[in-house]
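The values are calculated or read from the model by the stated rules, or taken from the named source; none is laboratory data. Just so it is clear, the structure is predicted and the values come from calculations on it, not from any experiment. Note: ideal-geometry Cβ built from the backbone for every residue, glycine included; neighbour counts use all protein chains shown. Please note that ligands, DNA and RNA were not included when accessible areas were found on the heavy atoms of the full protein model with its side chains. Shrake-Rupley method; radii C 1.70, N 1.55, O 1.52, S 1.80 Å.
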Amino acid sequence: MTLPRWQFASDDLLTRYVVVTDEDMSDWSIHTHHVDATSDMSPFTQHPAVVDDTGRVFFHDDGPTQVWAAEIDAAALLISLETPTGVLLEVDQWDAMTAWLVESMQDEPAGLVIDLGPNTDIPDDELDDIELITAQLHRLDDGVVMVRRSRRILHTLRFADHSVQRLVLDRWHHDGHFDDCTDGYLFSRDLALAAGACVAWVRDAGGVEAADRLGCSFDFADELPGQA
C-alpha cells in the first residue's frame, strides 16, 4: 500500500489541514507530533473546495469539489497516515518539508523572502571556516519564485522592482551573478519545483544533520504608509 498524494492547505480562519484530493479517505486519519513532543491524531472529513489546474486546494464554502482534509496543529509535525485497517504509512520528512514550503509560498505577495539556514548565531570570524547549507526563496511578480542555494550565508537582495520580464524560467543558472550564491539560482512559477530544489539541497549537501541544524525566517516587503 502506498501513501496517498497529499498537501497542506489552510482555510480562511487559518485552520491548517492535510488534504487529499484524488482518493476516498473514509476512516483514514493522520498522526502528528506537537512541539512539546506529545502525539496526536485527527480523522479525515470532507470539505468543499476549489482545486486549480496545478492541483492546489483552496477551501471555499461554495466550492464545487469535496476534498478530504484532516486538521493539523500549526506547529505540528506530520508523522504518518493511518488506513481504515490500522496500517500506518510513514510520511517522508523531506517530502513534508517540501509540502510545508509550498504552503508557505502560496498566495503570498511579491517581496516575501524565506531563508533556510543555521538555527544558531555564528560569529563573523568563524563564517569562513565552516560549511553552511543555506537556501532562499524570494517571491517575485506574476507568481514567479527565485531560488538561491549556497554554502554561505545568503544576503537578502534589494531589488529595484520584482518584475519577471526577460527572465528564463525553470533553468538553473551558474554564472555567479550573486556573490553569495555557490550552487546557482533558478526562477520558476512551479512552487513544488522551487521548494523541492531547496529541500534537495539540504538533503543531498548536508543530510539529516543539516536538517537538524536548520532554521527558517520569513521577511515581507515593507509597505509605505498611506498607499492604497
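A few notes on this one:
This table checks each residue for (1) closer than 16 Å to MET105 by Cβ; (2) at pLDDT 90 or above; (3) out of contact with any strand residue (DSSP E or B) (no Cβ under 9 Å at 6 or more places or on another chain); (4) loosely packed, with under 13 Cβ neighbours inside 10 Å.
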position: LEU167; (1), (2), (3), (4): no, yes, no, no
position: HIS177; (1), (2), (3), (4): no, no, no, yes
position: ASP180; (1), (2), (3), (4): no, no, no, no
position: LEU191; (1), (2), (3), (4): yes, yes, no, no
position: GLU209; (1), (2), (3), (4): no, no, yes, yes
position: GLY215; (1), (2), (3), (4): no, no, no, yes
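- Of ASP22, ASP53, ASP36, all but one fail to be under 23 Å from GLU108 (Cα atoms) and modelled with pLDDT under 95; the exception is ASP53.
- For the range 1-25, a residue qualifies if it is small (Gly, Ala, Ser) and either farther than 16 Å from ASP95 by Cβ or in a loop (DSSP other than H, G, I, E, B) (or both), and exactly one does: SER10.
- Filter pass, PHE187 being open to solvent by 90 Å² or more (accessible area, probe 1.4 Å) and either among the basic types (Lys, Arg) or within 20 Å of the chain's Cα centre (by Cα) (or both): no
- Scope the range 23-71; condition surrounded by 12 or more Cβ atoms within 10 Å (Cβ to Cβ), under 13 Å from ASP11 (Cα atoms) and acidic (Asp, Glu); matching residues: GLU71
- Considered as a group, the residues in the range 140-165 that are among the polar types (S, T, N, Q) and open to solvent by 20 Å² or more (accessible area, probe 1.4 Å) include one that is farthest from LEU116 (Cα to Cα), and that residue is GLN165.
- ASP107 meets each of the listed conditions (1) open to solvent by less than 80 Å² (accessible area, probe 1.4 Å); (2) under 30 Å from ASP161 (Cβ atoms) apart from (1).
- The residue that is farthest from LEU193 (Cα to Cα), among those in the range 72-101 that are exposed (fewer than 14 other Cβ atoms within 10 Å of the Cβ) and among the aliphatic types (A, V, I, L, M), is VAL87.
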